[in-house]
1. Beyond 19 Å, what share of the Cα-Cα pairs of region 38-97 is found? Please give it as a whole percent.
2. Where does each of 98, 145 land when they are ranked from fewest to most other beta-carbon atoms within 10 angstrom?
3. Ranking 66, 150 by Cβ neighbours within 10 Å, fewest first, what do you get?
4. Taking Cα pairs under 8 Å and at least six residues apart, what relative contact order does region 43-114 come out at, in percent?
5. Order the peptides 103-110, 44-51 from the highest to the lowest mean number of other Cβ atoms within 10 Å of their residues.
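Every number in this text was worked out from the coordinates using simple rules, so none of it is lab data. None of the values given here were measured: they were computed from a predicted structure. Backbone-built Cβ (ideal geometry, glycine too); neighbour counts: all protein chains shown.
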Amino acid sequence: MAQNILYSSKKRELICREVSPNEIVRDVVDLFQEKAKAIGIKLIHETNPALPLVRLDLMSIRRMLENFIWNALDACKKDKEKDSHIVVVRAGSHDRFHFRFEVVDNGVGMDEETKKSIFDEFYSTKGGHGTGLGLLVVDKIVKEHGGKVEVFTAPGRGTTFRTIFRIN
């Protein structure tokens with residue numbers, strides 16, 4: 001939470017270097033594995049060995065994925081309708097010139113009204129448990145990298161957050 005507050009309020013210069021999207025996904029999933037297990041959610045990663053190294057700000061992209069995963073775990077935890085929940089974090093090809101990260105959950109999902117507001121400053125569906133800055137920070141990170149974010153969701157069906165970046 002504190003990191004999101006700092007990131008959203010401070011202008012910082014990106015420190016881009018060649019990194020492996022696959023390695024980032026594996027590392028961030030490992031970070032959340034115990035938390036997911038403790039709340040009964042299966043957390044897995046899927047990577048694509050054909051992905052090249054790409055130039056990214058490692059800390060920013062990690063923060064982006066951490067925010068997505070945190071929200072996905074929360075959405076699954078809130079869903080009392082399903083017997084089991086899963087969060088899948090992916091690194092994969094998008095097309096010849098782009099790659100993508102995806103975080104997919106089978107949690108509560110969102111209605112259209114909520115979906116329209118998720119990147120607004122201080123907007124939160126978590127009541128007192130959220131700051132409303134996580135997805136604002138994600139949007140900032142994606143834009144700083146010249147990428148785009150897509151959201152696919154439906155109430156009761158879960159959510160997919162997809163970020164698309166150029167292979168450089």
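1. Values: 779 of 1770 pairs.
Everything past 19 Å amounts to 44 percent.
2. Numbers: 98 14, 145 21.
Taking fewest neighbouring Cβ atoms as first place, the list is 98, 145.
3. Numbers: 66 19, 150 11.
Neighbour counts put them in this order, fewest first: 150, 66.
4. On the way: 83 pairs, mean separation 27.2, N = 72.
Reported as a whole number, the value is 38 percent.
5. Going from most to least packed, we get 103-110, 44-51.
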